[in-house]
1. Does region B:64-94 hold any residues that are among the aliphatic types (A, V, I, L, M) and either part of a helix (DSSP H, G or I) or not assigned by TED's automatic domain parsing to the domain that holds B:VAL171 (or both), and which are they?
2. Select from region B:146-197 the residues that are of a type in the set (A, V, I, L, M, F, W, C) and at the interface with another protein chain (Cβ under 7 Å from one of its Cβ atoms) and list them in ascending order.
3. Considering only region A:396-411, state which residues are part of a loop (DSSP other than H, G, I, E, B) and either over 11 Å from A:PRO444 (Cα atoms) or outside the structural domain of A:LEU497 (by TED's automatic domain parsing) (or both).
4. I'd like to know if region A:192-199 contains one or more residues that are farther than 29 Å from A:CYS114 by Cα and in a helix (DSSP H, G or I).
5. Among A:GLY471, A:GLY492, which is under 30 Å from the mean Cα position of the chain (by Cα) and touching a residue at least 12 places away in the same chain (Cβ under 8 Å)?
6. How about region A:44-106: which helices (runs of 4 or more DSSP H) wholly inside it have at least 2 residues that are within 14 Å of chain B (Cβ to nearest Cβ), under 23 Å from A:GLU116 (Cβ atoms) and without any contact (Cβ under 8 Å) to a residue 24 or more places away in the chain?
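The values are calculated or read from the model by the stated rules, or taken from the named source; none is laboratory data. Fair warning: this is a prediction, and the values are worked out from it, not measured in the lab. We place every Cβ from the backbone using ideal geometry, glycine too, and count neighbours over all the protein chains shown.
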Amino acid sequence: MALTGGNPSCSEVINAIQDHLPALYFTFSRGKTELLADELSREWDFLFPREKERVREMVREAEAAQPGLFGPRRSKLKQILTQGIAYHHAGLSPALKDLVERLYEKRLIYVLFCTETFAVGVNFPAASTVFDACRKWDGREFRGLLNREFFQMAGRAGRRGFDPVGMVYVRVDDRFPEQTGFYSEEEIEPVRGHLIISPNTVLSLLYWKTDEEINRLLEQNLAVYQNNREGRKIKQDLAELDEKLAGLREVFCPQVDTPACYILRSKLKKELRSLARKNKRGRPGTRERREEIRNLLKTAQKKCHHRPCAEARRKQADLAERKSRLERRMRVLGSHSRDYERDFNRVWDLLEDLSYVEGRKLLPRGMFALHLHVQEILVTELVFNGFVRDMPPALVAAILAGVDYIPGRDDRVDPGPYNLREVELLRKSLLRSGVPENFCVWSPLPGPLASAWYEGASFEELQSMSNFQEGDIFSVIRREIDLLRQIERAAGEDSELRRQVEHIRRRLDRDEVAVPGI
Amino acid sequence: MSVQKDRFRQKAKRRPLRRDAGKPAPGGPIRLDPFQETAVNSLMEGHNVLVAAPTGTGKTLIAEKLIERVLAGGRGIVYTSPIKALSNQKYRDFSGLYGAGKVGLITGDVSVNERAPLLVMTTEIFRNWCFANPEMLDDMTHVIFDELHYLDDRERGTAWEESIIFAPSHVKIVGLSATVPNVREIASWIAEVRGEPVKVIEERCRAVPLEMNWISPEGRVLGEAEAREYVRQRLERRRGRWAVPPDEEAEMAYD
């Protein structure tokens with residue numbers, strides 16, 4: 001019986017593919033990898049005693065290097081590793097991910113439940129890849145996997161010089177058979193350009209680049225290039241269509257569309273029949289029109305093979321429809337042709353309104369924001385309003401942890417001893433002065449984690465004060481370290497500010513949060 | 001409940017057939033494939049190169065050959081990757097291959113050995129350098145963009161575009177990408193913005209071909225035709241008494 005819903009259960013899947021292990025079992029949520037790993041471990045064991053001993057040894061070594069590696073949350077993982085089963089997702093601490101990866105490379109994991117990130121970059125080939133489902137949440141909506149995404153993962157199947165073929169298995173879920181994915185390498189999606197003009201892009205262009213270079217970005221970026229190319233292709237197609245239409249005109253006989261012509265006559269006859277229907281008969285004008293048609297039809301029909309004319313007329317309608325579709329597309333392309341110039345000017349105007357620039361000249365705020373690459377406006381305002389230099393460092397750590405953080409639905413952190421209302425007020429006033437929402441992304445939620453870490457709390461304490469997974473805590477602090485480095489660079493001559501952020505950064509970059517192996 | 005739990009524990013776990021047990025781990029490819037050979041040669045001739053090949057065909061090997069030659073020539077080279085964790089991993093790999101002294105790592109939150117001849121960076125950092133300190137790239141002959149198809153990423157693609165457009169003009173572009181149908185279009189775009197030709201090297205064959213299968217709710221392994229038929233029947237059964245699609249029904253009424 002499937003414990004996590006839907007048949008076949010992962011145990012049945014593994015049973016069906018047991019000749020093709022090790023397998024990477026892809027799912028699209030972290031929780032699912034853990035549930036499935038747990039479920040499989042109740043029924044299956046893949047390792048011989050000698051191998052189990054090797055696993056235990058590697059686990060011991062890793063724990064010696066980092067005590068509390070498995071913590072309270074991963075005791076189950078530690079247990080199933082000895083059965084040759086594991087899971088891997090972004091919620092794990094880097095040290096634990098590293099252990100799982102090393103065990104996998106040593107061929108001590110037979111089924112690895114993982115999320116998409118396992119398929120990017122570093123090559124971990126397997127005998128087979130399994131797709132638990134073919135739909136994922138992409139930050140906006142649930143959607144089917146693209147061909148490109150599917151093959152990025154599926155392509156991990158097949159170890160070079162080892163497996164004659166790589167086996168790919170897609171699970172057909174009995175509850176959602178309609179969601180079963182079918183993919184083809186022939187249908188991999190083309191790469192499209194999606195340039196975004198950020199405040200930093202505008203400041204960098206104004207400060208370092210000539211007008212000519214600015215235009216190069218706005219007029220020659222990939223999206224514009226692709227649109228222009230498509231436009232040229234459409235123009236060509238339209239010219240060809242016009243030629244074909246002209247050619248068709250010559251097919252018609254001189255009497256086409258006169259009362260002697262079969263095509264016009266059959267059209268008129270049809271109209272006559274329709275006017276004879278009850279619902280139309282009484283309408284004003286109907287009688288006169290019928291009379292008119294009857295008179296027209298009195299003309300003798302031309303004796304001719306009307307086929308070529310009728311055929312040409314049909315083709316003509318076809319071509320006309322294709323033409324109008326292309327013209328519509330052309331209008332859409334035309335309406336986008338100045339998008340980037342418009343976006344650029346919009347951000348430039350905003351920066352001028354906020355006194356970051358004056359024409360092409362960068363003012364102090366602009367010079368500061370030039371060195372920032374995340375939430376440039378919000379961070380600059382925090383600094384210029386004294387939120388970084390003049391506050392206690394633990395509070396600064398809390399404030400900056402929330403920059404660019406969008407809380408998930410279930411994220412929970414115990415509130416800290418600090419009041420972050422002032423930041424919220426600053427954010428509100430920025431929004432009121434016309435700064436768009438996506439340039440003011442901030443949340444008070446992760447703050448207490450950062451201030452506690454600054455004050456010397458242990459990683460376990462951080463875990464106990466929130467429901468964040470280890471990998472999430474790690475990335476909140478690492479992102480803050482990244483931001484602090486940016487502010488340090490932006491501080492320039494302001495040595496007091498620089499000392500403050502450097503001090504915070506050094507206190508944050510320690511122990512479990514330090515990048516392993518570097 | 002607890003009785004059942006105990007029974008579970010006592011039950012012997014299932015073991016798979018282990019046909020591959022004891023076989024040695026496969027060694028990496030030693031000789032270059034023809035497509036790798038072509039790519040490396042074009043790079044040595046000083047061309048901009050775009051390599052598109054399926055995962056696992058050895059694009060990394062091309063990068064490594066190039067890095068070897070550049071370092072041997074006493075020049076520098078930049079390697080960018082889309083993900084921080086990947087940059088860290090690459091830094092460790094390259095340190096093992098070429099010696100830690102030769103390799104630097106810059107990812108925003110980490111900065112090691114910034115003056116090394118081989119610099120591993122995130123694409124965002126490379127983009128920032130192109131604006132703020134292009135002189136740091138004076139001695140670099142190439143920039144390698146791993147996973148170049150990230151150009152398509154809605155949030156992050158901009159970093160790749162700005163890097164390609166604003167990389168100093170003496171730096172050659174090397175793009176490594178998964179298979180994409182419009183690789184030639186991307187190449188001609190790069191050629192236009194760089195004002196230099198870009199060679200395209202495409203490998204469509206996988207080193208190990210894939211075999212696609214589906215697994216039915218009963219645990220049977222199905223081929224594509226069977227799977228499509230299976231799904232069709234399932235859906236039809238779900239539609240219940242309207243087993244025949246409405247359109248066909250209408251047509252039948254005329255008969």
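1. Filtering region B:64-94 down to residues among the aliphatic types (A, V, I, L, M) leaves B:66-67, B:70-72, B:77-78, B:83, B:85-86.
Matches in region B:64-94: B:LEU66, B:ILE67, B:VAL70, B:LEU71, B:ALA72, B:ALA85, B:LEU86.
2. Initially, region B:146-197 is screened for residues of a type in the set (A, V, I, L, M, F, W, C), giving B:148, B:151, B:159-160, B:164-167, B:171, B:173-174, B:176, B:178, B:180, B:183, B:186-187, B:189-191, B:193.
Listed by number, the residues that qualify are B:LEU151, B:ILE165, B:ALA178, B:VAL180, B:ILE186, B:TRP189, B:VAL193.
3. In the first step, residues of region A:396-411 are kept if they are part of a loop (DSSP other than H, G, I, E, B); the result is A:402, A:404-411.
A:GLY408, A:ARG409, A:ASP410, A:ASP411 - these are the residues of region A:396-411 that are part of a loop (DSSP other than H, G, I, E, B) and either over 11 Å from A:PRO444 (Cα atoms) or outside the structural domain of A:LEU497 (by TED's automatic domain parsing) (or both).
4. yes
5. Numbers: A:GLY492 fails: under 30 Å from the mean Cα position of the chain (by Cα).
Testing whether each residue is under 30 Å from the mean Cα position of the chain (by Cα) and touching a residue at least 12 places away in the same chain (Cβ under 8 Å) leaves just A:GLY471.
6. Numbers: elements: A:49-65, A:75-81, A:94-105.
The qualifying helices (runs of 4 or more DSSP H) are A:94-105.
Let's see how each residue does on (1) part of a helix (DSSP H, G or I); (2) at pLDDT below 95; (3) surrounded by 13 or more Cβ atoms within 10 Å (Cβ to Cβ):
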| site | (1), (2), (3) |
| --- | --- |
| A:LYS315 | yes, yes, yes |
| A:ARG325 | yes, yes, no |
| A:ARG328 | yes, yes, no |
| A:SER335 | yes, yes, no |
| A:ASP343 | yes, yes, yes |
| A:GLU352 | yes, no, yes |
| A:SER355 | no, no, no |
| A:VAL374 | no, no, yes |
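Conditions (1) farther than 26 Å from B:GLU202 by Cβ; (2) basic (Lys, Arg); (3) not assigned by TED's automatic domain parsing to the domain that holds B:ASN113, marked per residue:
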site: B:PHE126; (1), (2), (3): no, no, no
site: B:TRP129; (1), (2), (3): yes, no, no
site: B:ALA132; (1), (2), (3): yes, no, no
site: B:GLU135; (1), (2), (3): yes, no, no
site: B:GLU147; (1), (2), (3): no, no, no
site: B:ASP152; (1), (2), (3): no, no, no
site: B:GLU155; (1), (2), (3): yes, no, no
site: B:PHE166; (1), (2), (3): yes, no, no
site: B:LYS172; (1), (2), (3): no, yes, no
